[in-house]
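Undergrad: The structure follows.
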Amino acid sequence: GQPLFPVPAGDESAQALTGANLRLRTDMRFRGPGSGLSVVLRTDVLDNLTLGSTPSLRDGTPASSTGQEAPLQALRVKRAYGEAVLPIGVLSVGRQGSHWGLGMVANGGDAEGADSGDAADRIAFVTPLIGHIFAVAYDISATGPLRDDTSFSRSIDIEPTDDVQNLTFAFMRYHTDLARRRRSRAGRTTIEYGAYASHRWQENDIPGSYLGDAANGSANTVMKRGFSATATDVWFRLATRTLRIEAEAAYLHANVEQASLVPGVEFYEPATSNQFGAALQSSLDVAGIRVGVDAGMASGDASPGFGAQASDPQANPPFDTRIDNFRFHTDYRVDRILFREIIGTVTDAWYLRPHVRVPLVDAGGARLLFDTALISSWAMEASSTPSGERALGVEVDPSLRYETRDGFVAALEYAVLMPLGAFDNPAANLNARAAQLWRLHLGFPF
């Protein structure tokens, strides 16, 4: 009975919403002269700030605003870590970006327009060996309630057993973008691949520390959790002068011995999860025109809904204790409306995405490009959709993109989603209608 996407507050039958936001991102690397040491820093200023959202209300009403106030969190430090080049490899320590392969599971949010991105508090060691790169990383993913020390200058974790920790082993055969372009110009085929295995665990938990009153208990009540999860992922890329094929596939398994969030209330059965996801990208350059077909799938769960949001859970313990819907990272985008805006990400679905890019004008210092994609999608589990049908919809995403040699980008994007039977509501005798989107994107790299 609720809309799948927000509607105007003053008229629920209205259809149009507008908005604008901005972000200033700076990536900096400081290298010690004549040494193998460096420090990396990423800061986002006014990160995804909605324009007009901080009006100065000195006279009491938005209509009398004379300017914008500085938001409380105007500056966000996303990454800060150090690197040391040692005789046997590279050691990095700190909060660093986490990205792998296509970014289907781990995505650092480095792409143009990415809104989130993963950062890990990590100790990592990377070394080249027998033509490959090998890596091991230890992450402190979460710690429990904190208390100030006697000097009030740092925090103390008062319960070590509720910490969430992560250990990852990876290997890959990889070339930098520059090396790949050089090999392409030389007519050489570049084959790259890699795999990782990652294990995460948590012994106990203090749900009151993050749920508050919803946990129905003291903020310091420790309860058994027994959480463990293992992720495996493989990645492959083939590139020639005109062809690129890239794929990633992942399997995730998790077990939670005690899934209850209420101290003193226990479930008899553990919660389990078995999830699988895969993505394929391809492109072929023919006389300056780029064409290709992308595809992807994410395993589903038989529970109603897609499970992309916390408000749409796929488990209902103690009756249903399985969560099998795989979720793509939200910054891995295949469309502009259905998965990005309405569902939230690719989950419990599979899709096909043919696409084409045509250069319209190339003036040397600037060029104008036209590209479009057609995305057809289906649900993996029919029980997840409002109507019980699998066909989700067909979306067309054309755009015009102007870019200059110094990096300025102006892109005008359009999208139209033509929903199919999955989003109809037979019980209320309602049929889903088409959704449209216009977006203007401006980028000022420096």
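The values are calculated or read from the model by the stated rules, or taken from the named source; none is laboratory data. Model, not experiment: these values are computed from the prediction. No Cβ is skipped: glycine too gets one built from the backbone with ideal geometry, and neighbour counts run over all protein chains shown. Heads up: the accessible areas ignore ligands, DNA and RNA and are worked out on the full protein's heavy atoms, side chains in. Shrake-Rupley method; radii C 1.70, N 1.55, O 1.52, S 1.80 Å.
Undergrad: Suppose we take every Cα in segment 124-213 and form the convex hull; what volume per residue is that in Å³? Please list the in-between numbers first.
TA: Details: hull volume 15.5 nm³, N = 90.
Per residue, the Cα convex hull of segment 124-213 comes to 172 Å³.
Undergrad: Distance between Cα centroids, segment 96-145 to segment 279-338: provide it in whole Å.
TA: First find each Cα centre; the distance between them is then 21 Å.
Undergrad: Under a 1.4 angstrom probe, counting protein chains only, how are Val416, Val291 ranked by accessible area, largest first?
TA: Details: Val416 30, Val291 55 Å².
Ranking Val416, Val291 by accessible area, largest first, yields Val291, Val416.
Undergrad: Pop out the ³J(HN,Hα) list for segment 221-236 in order, Karplus 6.51 cos²θ - 1.76 cosθ + 1.60 with θ = phi - 60°, rounded to Hz; leave Gly and Pro as x.
TA: With the stated coefficients, segment 221-236 comes to 6, 8, 9, 5, 10, x, 8, 8, 8, 10, 10, 10, 8, 10, 9, 8 Hz.
Undergrad: If I build a Gaussian network model for the chain, linking alpha-carbon pairs within less than 10 angstrom, which residue out of His253, His99, His132 has the largest mean-square fluctuation?
TA: His132
Undergrad: Given R₀ = 30 Å, FRET efficiency for Leu146-Asp27 by Cβ-Cβ distance, to 0.05? Numbers along the way, then the final one.
TA: On the way: r = 29 Å, r/R0 = 0.97.
Between Leu146 and Asp27 the formula returns 0.55.
Undergrad: How big is the Cα convex hull of segment 1-57 in projection, averaged over all directions, in nm²?
TA: Values: hull surface 32.2 nm².
With every direction weighted equally, the projected area is 8.1 nm².
Undergrad: Can I ask one more? Can you check what the Kirkwood hydrodynamic radius comes to for the chain, Cα pairs only, in Å to one decimal?
TA: Value: 25.1 Å, from the Cα pair sum.
Undergrad: Further question on the same structure: Just add up the charged neighbours of His329: K/R +1, D/E -1, any other residue whose Cβ is under 14 Å from the Cβ of His329.
TA: Details: positive: Arg327, Arg333, Arg340; negative: Asp110, Asp115, Asp118, Asp233, Glu248, Asp331.
My count for the surroundings of His329 gives -3.
Undergrad: Report the residues of segment 223-247 in range of a label on Arg188: point 7 Å along Cα→C-beta, backbone N strictly under 19 Å from it.
TA: Answer for this model: 237-245.
Undergrad: Sticking with this structure for a sec: Of all the accessible heavy-atom surface of segment 324-434, with the other protein chains kept in place and a 1.4 Å probe, what percent is carbon and sulfur?
TA: Working: 2810 of 5020 Å².
Taking all protein chains in place, segment 324-434 shows 56 percent carbon and sulfur surface.
Undergrad: Just to verify a number: FRET efficiency for Leu400 and Phe171, C-beta to C-beta distance, R0 = 45 Å, to 0.05? Provide the component values of the computation, followed by the final result.
TA: Working: r = 42 Å, r/R0 = 0.93.
Efficiency, from the Cβ-Cβ distance: 0.60.
Undergrad: Separate question: Testing the spin-label approximation: label points 7 Å from Cα along Cα→Cβ at Asp121 and Tyr251. State their distance in nm.
TA: About 3.2 nm, to one decimal.
Undergrad: When ligands, DNA and RNA are left out and all protein chains stay put, how many square angstrom of accessible area per residue does the chain have with a 1.4 Å probe? All intermediate terms of the calculation are to be shown ahead of the outcome.
TA: Details: 25060 Å² over 446 residues.
I get 56 Å² per residue for the chain.
Undergrad: What order, most packed first, do the peptides 87-94, 14-21 have when packing is the mean number of other Cβ atoms within 10 Å of each residue?
TA: On the way: 87-94: 14.2, 14-21: 9.4.
The most tightly packed comes first, giving 87-94, 14-21.
Undergrad: To continue, here is another question. Students often check this: by mean Cβ neighbours within 10 Å, which of 101-114, 336-349, 423-436, 226-239 ranks highest, and how do the rest follow?
TA: On the way: 101-114: 19.9, 336-349: 23.5, 423-436: 13.3, 226-239: 17.8.
Averaged packing, sorted descending, gives the order 336-349, 101-114, 226-239, 423-436.
Undergrad: Ignoring ligands, DNA and RNA, what percent of the accessible area of segment 108-162 is carbon or sulfur (1.4 Å)? All intermediate terms of the calculation are to be shown ahead of the outcome.
TA: Values: 2020 of 3240 Å².
Here it works out to 62 percent.
Undergrad: Also, quick follow-up: From the residues Leu360, Gly264, Val291, which one has its Cα farthest along the dipole of segment 263-403 in the positive direction, the dipole being from +1 and -1 charges on Cβ of Lys/Arg and Asp/Glu about the Cα centre?
TA: The residue sitting farthest along the positive end of the dipole is Leu360.
Undergrad: Within segment 172-193, list the residues whose amide N lies under 18 Å from a label point set 7 Å along Cα→Cβ of Val85.
TA: Residues passing the 18 Å test: 175-179.
Undergrad: So, one more: Return the whole-Å distance between the Cα centroid of segment 3-37 and the Cα centroid of segment 177-209.
TA: With segment 3-37 and segment 177-209 each reduced to a Cα centre, they are spaced 25 Å.
Undergrad: Where Lys and Arg each count +1 and Asp and Glu each count -1, what net charge lies around Val416 among other residues with Cβ under 10 Å from its Cβ? Mind dumping the intermediate values first?
TA: Working: positive: Arg336; negative: Glu395, Asp397.
Around Val416, the surrounding residues sum to -1.
Undergrad: Which FRET efficiency value, to the nearest 0.05, do you get for Asn431 and Ala310 by plugging their Cβ-Cβ distance into 1/(1 + (r/R0)^6) with R0 = 30 Å? Kindly include the intermediate steps, with their values, before the conclusion.
TA: Working: r = 29 Å, r/R0 = 0.96.
It comes out at approximately 0.55.
Undergrad: I would also like to ask the following. Just to be sure I understand: with springs between alpha-carbon atoms less than 10 Å apart, which residue in Ser141, Ser35, Ser273 has the highest mean-square fluctuation in the Gaussian network model of the chain?
TA: Ser35
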